[in-house]
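*Asks:* First, the structure itself, so that you have it in front of you.
The values are calculated or read from the model by the stated rules, or taken from the named source; none is laboratory data. Bear in mind the structure is a predicted one, so any value in this text is a computation, not a measurement. Cβ sites come from the backbone with ideal geometry, for glycine too, and all protein chains shown count toward neighbours.
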Amino acid sequence: MAFSSGGRRQAGLAEINITPLVDVVLVLLLIFMLTAPVLQSGIEVAVPQTRAVNQLTEEHSVVTIDADQRVYFQDKPVSLDQLPGLVSQGAGDASKRVIYVRADGKVPFEAFASVMDAVKRGGVTNISVVTRPFDQTVAH
């Protein structure tokens, strides 16, 4: 399609402006990056704070103990009798698998030790405790 103005012919603009599309995609990417860690575990647990905290870079099995001492394996409620069988399932050698234990700060040590024992009975010896870093604004 051509337009004429003052005897000259001009070609129509056939280019699509993709800047708004890129803006929307970047905003969506940012939203998903911020919400993905929150959606990782649906069980609300106030894990204790420590000075040394390592960031998780891979997906691993997680055992959670909530404030009421209920035990969850991958967000599904389980009993301590079921836990060894569940952690031993999966691909590869159980002794080389990593299990993360998330426990509410109000959970008594006896309940925590019982869960650790159940995981070890499942053959997993590489157990990590999930904590969160201290707030930088709090004076030490």
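*Asks:* Of all residues being assigned to a loop (DSSP other than H, G, I, E, B) and touching a helix residue (DSSP H, G or I) at 6+ places or on another chain (Cβ under 7 Å) in the stretch 116-133, which is surrounded by the most Cβ atoms within 10 Å (Cβ to Cβ)? Just the residue, please. Walk me through how you get there before you give the answer.
*Replies:* Taking the stretch 116-133 and keeping what is assigned to a loop (DSSP other than H, G, I, E, B), we get 122-125, 130-131.
From what is left, the residues that are touching a helix residue (DSSP H, G or I) at 6+ places or on another chain (Cβ under 7 Å) are 122-125.
On the way: Gly122: 19, Gly123: 14, Val124: 22, Thr125: 13.
Going through the qualifying residues, I end up with Val124.
*Asks:* Let me ask you something else. Tally up the residues in the stretch 74-89 that are free of Cβ contacts under 8 Å to residues at least 12 places away in the same chain and buried (at least 17 other Cβ atoms within 10 Å of the Cβ), please.
*Replies:* 1
*Asks:* Testing Asp66 on (1) exposed (fewer than 10 other Cβ atoms within 10 Å of the Cβ); (2) of a type in the set (Asp, Glu); (3) at pLDDT 85 or above, one condition comes back false. Which one is that?
*Replies:* (1)
*Asks:* Those residues that are modelled with pLDDT of 60 or more, of a type outside the set (A, V, I, L, M, F, W, C) and not in a loop (DSSP other than H, G, I, E, B), I need them from the stretch 12-49; list them, please.
*Replies:* If the condition is that a residue be modelled with pLDDT of 60 or more, of a type outside the set (A, V, I, L, M, F, W, C) and not in a loop (DSSP other than H, G, I, E, B), then Thr19, Pro20, Asp23, Thr35, Pro37 are the ones that fit.
*Asks:* I'd like the residue in the stretch 90-103 that is at pLDDT below 85 and either under 20 Å from Val71 (Cα atoms) or not acidic (Asp, Glu) (or both) and, out of all such residues, is surrounded by the fewest Cβ atoms within 10 Å (Cβ to Cβ).
*Replies:* Ala91
*Asks:* Something else now. Based on this model, can you work out whether Arg121 counts as in contact (Cβ under 8 Å) with a residue 60 or more places away in the chain and basic (Lys, Arg)? Even if it seems obvious, please write down each step before you answer.
*Replies:* Values: in contact (Cβ under 8 Å) with a residue 60 or more places away in the chain: no; basic (Lys, Arg): yes.
Against the criterion (in contact (Cβ under 8 Å) with a residue 60 or more places away in the chain and basic (Lys, Arg)), Arg121 does not qualify.
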